[in-house]
1. If you put +1 on each Lys and Arg Cβ and -1 on each Asp and Glu Cβ, how big is the dipole of region 1-118 around its Cα centre, in Debye rounded to 20?
2. Starting from the alpha-carbon convex hull of the chain, give the projected area averaged over all orientations, in nm².
3. Give me the one-decimal nm value for the distance between modelled label points at K209 and E98, 7 Å along each residue's Cα-to-Cβ direction.
4. Taking 0.36 nm per residue of sequence separation and subtracting the Cα-Cα distance, how much length would be gained by fully extending the chain between N130 and E8, in nm to one decimal?
5. Test of the criteria: in region 1-40, which GluC sites (Glu not before Pro) are in a DSSP loop and have at most 11 other Cβ atoms within 10 angstrom of their Cβ?
6. What ranking of S69, S140, S171 emerges when the number of other C-beta atoms within 10 Å of each C-beta is taken as an exposure proxy, fewest first?
7. Name the residue from I38, V86, L254 whose Cα lies farthest towards the positive end of the charge dipole of the chain, charges +1 on Cβ of Lys and Arg and -1 on Cβ of Asp and Glu.
8. If each DSSP helix of 4+ residues adds -39,500 (n - 2.57) and the sum is divided by the residues in the chain, what number results at 222 nm, nearest 500 deg cm²/dmol?
Amino acid sequence: MYPIVKKEQLADKIFLMDVKAERVAKTCMPGQFIIVKIDEEGERIPLTICDYDREAGTITIVFQVVGASTQRMTGLEVGDSFRDFVGPLGCASEFCSEEIEDLKKKKILFVAGGVGAAPVYPQVKWMHENGIDVDVIVGSKTKDMLILEKEMEAVAGNLYVTTDDGSYGRSGMVTTVIEDLVKDGNTYDVCVAIGPMIMMKFVCLLTKKLEIPTIVSMNPIMVDGTGMCGACRLTVGDEVKFACVDGPEFDGHLVDFDQAMKRQQMYKTEEGRAMLKLQE
Ligand code: FES
């Protein structure tokens, strides 16, 4: 059993939990994910690791209520436990295997949209701990939906906050901020964009034009995280990949977002899932 040692509501329908899972905390790296199960009958829910404390043996997860299982998770309190907490799964962010001295020479831009701030945070923190300053853009629909701002501020070289409705920080989409930064003379060797599919798609269209190589996390299309359900199948260049096994991070300029978003929609209904099975 994996006890919850902290629970916090970050925004409407967005919760943070610290869970005691010593083995996972010992080996996990930024970019990886875990699968939780509330009880024997519970659905498997894949969630990206938002933070980890190797000494305390805890993992921080952030989740948004999107269906019955995540709704059930909100009913768990400090002292309650998850039946399963499996991980770390997926590949670590590719930065983690690069030489620190090489990374220090690069200008890196992180772009987080909505709950995407949760998987971006451990990567920026890892950079900070290794003495690498990075620029970070965090976007949300409104001020109330903005999460992890203080945490991000503590580890980002430069932090740019924007809201779609202009209720806080800059006004407009994350893509507008990228354009502004580039117009101001900033150049980037690589961009990491994590957030809703539509946001990642538009960031990639822009960075392709700006010739900034871009990494995206295809976490949003995962369903069971096991490589079995087929939900996270996507086309990257001319290859078929599974986000939960081959990713979750991919070259954003090669991802077929339209196809992935269509599959994501179809996967939501039983009829759609049956159709997808027929096509495979
Ligand atoms: Fe089911 Fe990847 S999430 S196969």
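Nothing in this text is a laboratory measurement; each read-out follows from the coordinates by a stated rule. What you see is a predicted model, and the numbers here were worked out from it, not measured in a lab. Using ideal geometry, Cβ is built from the backbone for each residue, glycine included, and neighbour counts are taken over all protein chains shown.
1. That gives region 1-118 a dipole magnitude of about 200 debye.
2. Projected over every direction and averaged, the Cα hull of the chain covers 14.5 nm².
3. Result: 2.5 nm between the two label points.
4. On the way: separation 122, 0.36 × 122 = 43.92 nm, distance 2.84 nm.
Length gained, N130 through E8: 41.1 nm.
5. E40
6. Going from sparsest to densest Cβ surroundings: S171, S69, S140.
7. Final value for the positive-end residue is I38.
8. After summing the helix terms and dividing by the residues of the chain, the value is -8000 deg cm²/dmol.
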